[in-house]
């Protein structure tokens, strides 16, 4: 999402098509706060299409952006007065989880279970679509197989369904459907690319689509292990 400040009372929130559910919920919350009409404006679509005209207009006072550095550079340069633009950037986060060797030699199974639960929360909460998600997990090489197996077991136990669907454990869905079919194909392409390079899926039914023809975007999360000689 990109937040652009026009003046002291008007904001423009630009989001990708993936965020439409969030926008609808946010709109409902803002209406409850009785903000004056026009205070918050939403522009949904591809950033490459929606953002350049806004920046080129020169009407943007502030830019808050989460994304790649190359995209941020282009947006800033598109502004006719970039030296006047107030910029708030959080770019290309590579948040990591580091697992020390003593974790795997400890006899405290409860501690290990807590670690794996935190790993699942860190990597997959909000479907993993958040800038603060864990993206790199550093594990001692000799414990990689053990860690992968435990992670796969946790992924297999994740509840999948609609956001408001209550499961047998009295908790709502942890993983929800992908926003549209292009994302499903994108995930399939990632799997195919990894497998072509010698990787394998280690969790049961990982990468499968469930729910039949009416639920083609219900995509099971997957764990991939790359085997190198």
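Between residue 94 and residue 168, how high is the FRET efficiency from 1/(1 + (r/R0)^6) when r is the Cβ-Cβ distance and R₀ = 35 Å? Nearest 0.05.
E between residue 94 and residue 168, to the nearest 0.05, is 0.45.
Among 50, 39, 176, what is the fewest-to-most ranking by other Cβ atoms within 10 Å?
Listed from fewest to most nearby Cβ atoms, that is 39, 50, 176.
What is the Cα convex hull volume of region 160-229 when expressed per residue in Å³?
Value for region 160-229: 96 Å³ per residue.
Relative contact order, percent, of region 160-229 when contacts are C-alpha pairs under 8 Å separated by at least 6 residues?
Over region 160-229, the number comes to 29 percent.
Hey, with R₀ at 22 Å, roughly what FRET efficiency would residue 59 and residue 87 work out to, going by the Cβ-Cβ distance, to 0.05?
Once rounded, the FRET efficiency stands at 0.90.
When only C-alpha pairs under 8 Å and at least 6 residues apart count, what is the relative contact order of region 93-157, in percent?
49 percent
Just grab the label-to-label distance for residue 103 and residue 158, each label 7 Å out from Cα along the Cβ direction, in nm (one decimal).
It is 1.7 nm.
Obtain the radius of gyration and the Kirkwood radius of region 93-157 from its C-alpha atoms and give Rg over Rh.
0.96
Please report, in whole Å, how far the alpha carbons of region 41-137 spread along each principal axis, starting with the longest.
62, 25, 17
Compute the semi-axes of the equivalent ellipsoid of region 123-213, taking the square root of 5 times each eigenvalue of the Cα gyration tensor, and list them largest first in whole Å.
Three semi-axes, in Å: 23, 18, 14.
None of the figures in this text is laboratory data; all of them are computed from the coordinates on show. What you see is a predicted model, and the numbers here were worked out from it, not measured in a lab. Methodologically, a virtual Cβ is constructed for each residue, glycine included, from the backbone with ideal geometry; neighbour enumeration extends over all protein chains shown.
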